[in-house]
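What follows is a short report on a single structure.
The values are calculated or read from the model by the stated rules, or taken from the named source; none is laboratory data. On a predicted model such as this, the values are computed, not experimentally measured, just so you know. Positions of Cβ are generated from backbone atoms using ideal geometry, with glycine treated the same way; all protein chains shown enter the neighbour counts. With ligands, DNA and RNA removed, areas are computed over all heavy atoms of the protein, side chains included. Shrake-Rupley method; radii C 1.70, N 1.55, O 1.52, S 1.80 Å.
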Amino acid sequence: MNRIYLRRKTKIILYSGSSKTPNLSHIATILKNIEAFGYTLSEDIIQILKTFTIDELKNFYLSLVKKIKKMVGAHVDYRPIYPNFPAQVMKMDESELYINAIIHYLSFGSLKPVYEKEERLPLFDTVKLKVIELGNTDDFNEIFTNIMGSKTSISDTDKMDMEWFINMHKEDYQNYLPDEIPLKENVCFLCHLLLKHATADSIAISKYINTATDVLRLAVSLSNGDISLASNTKFKRFSRKERRLLLGLLDNCDNIEEDMVRYKSQWIRLGERLHPSEYNMYFNAQRAFNKIRNNEKINTFNSRIDYAIKSKDLSNIISLLRQRPGEFARKLDHILRETEEWKLILKEFEAVAKDVATPVLLQVMEHFKWRNEKNGLRTFFPKGNVAKVYGIENNLLDLNDEICRSIIAICEESLIKRFGQRESLGKVFIDERLKDYIVPFSQRSASKALKTFVRGTKISISENIKTIRSFLYWKENMDDRADLDLSAVLYDADWNYLEHISYTNLKSAKYKAAHSGDITSAPNGASEFIDLDIESIKKFGGRYVVFAVYSFTGQKFIELPECFVGWMARECPASGEIYEPKTVENKIDISSESLICIPMILDLYENKFIWADVSLKSQPTWNNLENNKKGMVLMGKALTTLRKPNLYDLFLLHSIARGVICDNIEEADIIFSIDKGITPFDNDVIISQYL
């Protein structure tokens, strides 16, 4: 329980011990020790620890520090090739670096240069400690109610946590289910967990399964596939009980054939596992499978709307789209480009906007805010389990500005009316910095991280920070050499390539930057670091730095026992150890089915990190960063010019609808900020209560 609570909320649940005398020296030691990892304890927790015996304090400390170490990456041993990095690398002659590398490569990673580690100065950096607060069971349980009530897709981390929760509450799970589970993906995953852990039956889950696509997603989830249905699934061999369950659920759905044709190939493969012809009692399901297999023509909503648009049959377009307001919103731009009757279109859209989901309205509103902007790219994150990004030039013909303003007004008015029906917020303070934080619409491919952000979010770097130190750690499987590479490439403000730091260029001849040395095997774990001096790069004309991790030997990251990347913000990089856990700003576990990961981009003009968390599944021609520059530039441009709804605007709409905005944080009943009240890291709260 506390492992999840600490990671998600920086809280733990603790109960009084059996000691009548406080063991203050032991408590002080605990505080001092966890301070090294960037944490401290709240006064409430300290008061409870005063009731602990020495043995109880020992057990508490060992359990807590184990969790914290895992979170920040301090649970492993970091041994770069050059133990006195970065000064050692910067001082070394190029010929020595080259000879060391050649010997290491020719020995397939078994031979490394031996250098004595020098005494290092103590850490001089001033670090604001993160306070671990005292939580309670109701607050902890609310996390899972919020996740299940999410209006957007959830991450693999959310799913793992939810599985733990259902398994722990297999007898009384009904007490924690929300009244509504808005997102179908979450419905099907939950039903999978109920069948797996809570021995639920078809009756218990039938109230959640309403369409044929719901049944398909459930079958995919039972097969551990991609429930977004963006990629194909290799279906498991279902038991007879599971086949009857799936066919029975399908048989009771409406419009089976129309739903099935949307994912025709997946349904055909699923039919090969379900054997519907053996179950005559499920007549509707059996008939639908026959139509799909025999390629019988099935008239669908999408085919009708596409025909109406091609025929420019405006009355038919409107008649059809009124039936599905969400589709109306998604196709709005397309329809407006096809007709001059925009006032009629907007009048009809205004009439159905109240029935369009909040995430869709927010995205439509943001789209039309920047609709005619030509400087940036149109950026897309395809749904699925692998975090990809596509950027294309914005070649859309301009729309009349009045049209764009009218659509924005319709969306805003509809959202304010909707939010106004919820409980009053009272006095509200909104932090302006939330404009840099993106609304979490889709987290299905988000990596597990110390701090989870949404792609495109900008994270400010303190003005005191002189150096950014990125780090990579990985471990290979037995008898399967794994060579991963940490790289960084530098661009100017126009995305012209300037220089790179990687295994092919361990130090810059132009600015202060160094790589800790390329390690090509990791039977006992391996680590690499890159140091970048911010001011020297800016003086050199650099603006953007793209960080990347490559699997040189071709293993997918998910195949490795452990792999993570992160960065430290260092005020005095010559002080402290190479890896100092209390200076870690973020750590990302890399476990995707891909060969390349781009965790973050550094914007030195704005002095901010842009959260990328992007994966590349296909193998490039060459497995290093400098030979993949074109793709890097495209992704870099896409992420740095991203236009997505931000948390400030979302909370502002809520405040207008059901609160009073105040400038004094001390007077506020509710606070929206990056470090107080509801923060961007309260993902479960945002996706369930504010979308």
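Taking the criterion of being of a type in the set (Phe, Trp, Tyr) and either touching a helix residue (DSSP H, G or I) at 6+ places or on another chain (Cβ under 6 Å) or at pLDDT 95 or above (or both), the residues of the stretch 630-689 that qualify are Tyr648, Phe651, Phe672.
Checked against (1) crowded, with 16+ Cβ neighbours inside 10 Å; (2) out of contact with any helix residue (DSSP H, G or I) (no Cβ under 7 Å at 6 or more places or on another chain); (3) not hydrophobic (A, V, I, L, M, F, W, C), Thr233 passes all but a single condition, namely (2).
Within the span defined as the stretch 452-463, one or more residues are touching an Asp or Glu at 6+ places or on another chain (Cβ under 7 Å), basic (Lys, Arg) and part of a loop (DSSP other than H, G, I, E, B). In the stretch 155-182, the residue that is modelled with the lowest pLDDT out of those that are part of a loop (DSSP other than H, G, I, E, B) and open to solvent by 40 Å² or more (accessible area, probe 1.4 Å) is Asp179. Taking the residues in the stretch 412-452 that are more than 22 Å from Lys9 (Cβ to Cβ), among the hydroxyl-bearing types (Ser, Thr, Tyr) and at pLDDT 95 or above as candidates, determine which candidate is surrounded by the fewest Cβ atoms within 10 Å (Cβ to Cβ). Checked the stretch 412-452; the qualifying residue surrounded by the fewest Cβ atoms within 10 Å (Cβ to Cβ) is Ser424. A search for C-beta distances below 7 Å between a residue of the stretch 184-210 that is open to solvent by less than 30 Å² (accessible area, probe 1.4 Å) and any residue that is aromatic (Phe, Trp, Tyr) and assigned to a helix (DSSP H, G or I), counting only pairs 6+ apart in sequence or on different chains, returns Leu194/Tyr173; Ala198/Tyr173. The residue of the stretch 611-629 that is modelled with the lowest pLDDT, among those that are on the phi < 0 side of the Ramachandran plot and among the charged types (D, E, K, R), is Glu626.
If you go through the stretch 503-534 and pick out every residue that is in contact with a Phe, Trp or Tyr (Cβ under 9 Å, 6 or more places away or on another chain) and more than 21 Å from Tyr115 (Cβ to Cβ), you end up with 5. Residues that are open to solvent by 30 Å² or more (accessible area, probe 1.4 Å) and touching a helix residue (DSSP H, G or I) at 6+ places or on another chain (Cβ under 9 Å) are absent from the stretch 520-538. When Asp675 is evaluated against the numbered criteria (1) out of contact with any Ser or Thr (no Cβ under 7 Å at 6 or more places or on another chain); (2) closer than 24 Å to Ala449 by Cβ; (3) open to solvent by 20 Å² or more (accessible area, probe 1.4 Å); (4) touching a residue at least 24 places away in the same chain (Cβ under 8 Å), which criterion, by number, is the only one it fails? Unmet condition: (4).
When Ile292 is tested against (1) open to solvent by 40 Å² or more (accessible area, probe 1.4 Å); (2) more than 13 Å from Phe235 (Cβ to Cβ); (3) not hydroxyl-bearing (Ser, Thr, Tyr), just one condition goes unmet, and that condition is (1).
Scanning the stretch 264-280 for residues that are open to solvent by 40 Å² or more (accessible area, probe 1.4 Å) and either in contact (Cβ under 8 Å) with a residue 24 or more places away in the chain or not in a loop (DSSP other than H, G, I, E, B) (or both) turns up Lys264, Ser265, Ile268, Arg269, Glu272, Arg273, His275, Ser277, Glu278. Would you be able to tell me the number of residues in the stretch 118-137 that are surrounded by fewer than 12 Cβ atoms within 10 Å (Cβ to Cβ) and of a type in the set (Lys, Arg)? Counting residues in the stretch 118-137 that are surrounded by fewer than 12 Cβ atoms within 10 Å (Cβ to Cβ) and of a type in the set (Lys, Arg) gives 1. For the stretch 236-263, the set of residues classified as open to solvent by 40 Å² or more (accessible area, probe 1.4 Å), assigned to a helix (DSSP H, G or I) and charged (D, E, K, R) consists of Arg240, Lys241, Glu242, Arg244, Arg262, listed by residue number. Across the stretch 67-82, not a single residue is classified as touching a strand residue (DSSP E or B) at 6+ places or on another chain (Cβ under 7 Å), closer than 25 Å to Asn141 by Cα and of a type in the set (Phe, Trp, Tyr).
If you go through the stretch 108-123 and keep only what is in contact with a Ser or Thr (Cβ under 9 Å, 6 or more places away or on another chain) and either among the hydroxyl-bearing types (Ser, Thr, Tyr) or not in a loop (DSSP other than H, G, I, E, B) (or both), you end up with Ser110, Leu121. Against the numbered list (1) buried (at least 18 other Cβ atoms within 10 Å of the Cβ); (2) free of Cβ contacts under 8 Å to residues at least 12 places away in the same chain; (3) among the polar types (S, T, N, Q), Ser95 comes up short only at (1). Do we find a residue being of a type in the set (Asp, Glu), assigned to a loop (DSSP other than H, G, I, E, B) and closer than 28 Å to Tyr61 by Cα anywhere in the stretch 124-134? Yes: the stretch 124-134 contains one or more residues that are of a type in the set (Asp, Glu), assigned to a loop (DSSP other than H, G, I, E, B) and closer than 28 Å to Tyr61 by Cα.
Pull up the stretch 474-499, narrow it to residues that are in contact (Cβ under 8 Å) with a residue 60 or more places away in the chain, open to solvent by 10 Å² or more (accessible area, probe 1.4 Å) and not aliphatic (A, V, I, L, M), then point me to the one that is nearest to Ile590 (Cα to Cα).
Lys475
For the stretch 483-497, name all the residues that are touching a helix residue (DSSP H, G or I) at 6+ places or on another chain (Cβ under 9 Å) and either closer than 13 Å to Leu532 by Cβ or in a strand (DSSP E or B) (or both). Selection gives Leu484, Asp485, Ser487, Ala488, Val489, Leu490, Tyr491, Tyr497.
If the condition is being within 18 Å of Glu366 (Cβ to Cβ) and modelled with pLDDT under 85, then the stretch 391-411 contributes Gly391, Ile392, Asn394, Leu396.
Among the candidates Lys582, Lys587, which residue alone is surrounded by fewer than 23 Cβ atoms within 10 Å (Cβ to Cβ), farther than 16 Å from Leu532 by Cβ, touching a residue at least 60 places away in the same chain (Cβ under 8 Å) and among the basic types (Lys, Arg)?
Within the list Lys582, Lys587, the selection yields Lys582.
Applying the condition of being open to solvent by 20 Å² or more (accessible area, probe 1.4 Å) and in contact with a helix residue (DSSP H, G or I) (Cβ under 8 Å, 6 or more places away or on another chain) to the stretch 37-57 and asking which residue is farthest from Pro22 (Cα to Cα) yields Phe37.
Among the residues of the stretch 591-620, those that are touching a residue at least 40 places away in the same chain (Cβ under 8 Å), open to solvent by 10 Å² or more (accessible area, probe 1.4 Å) and not acidic (Asp, Glu) comprise Ser591, Ser592, Leu595, Tyr605, Asn607, Lys608, Leu616, Lys617, Gln619. Check whether at least one residue in the stretch 229-241 is under 20 Å from Ser153 (Cα atoms) and either free of Cβ contacts under 8 Å to residues at least 24 places away in the same chain or not polar (S, T, N, Q) (or both), and report yes or no. There is at least one residue in the stretch 229-241 that is under 20 Å from Ser153 (Cα atoms) and either free of Cβ contacts under 8 Å to residues at least 24 places away in the same chain or not polar (S, T, N, Q) (or both).
For (1) within 28 Å of the chain's Cα centre (by Cα); (2) small (Gly, Ala, Ser), each residue gets a yes or a no:
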position: Asp480; (1), (2): no, no
position: Leu486; (1), (2): yes, no
position: Ala493; (1), (2): yes, yes
position: Ile501; (1), (2): yes, no
position: Thr504; (1), (2): no, no
position: Asn524; (1), (2): no, no
position: Glu528; (1), (2): yes, no
position: Lys538; (1), (2): no, no
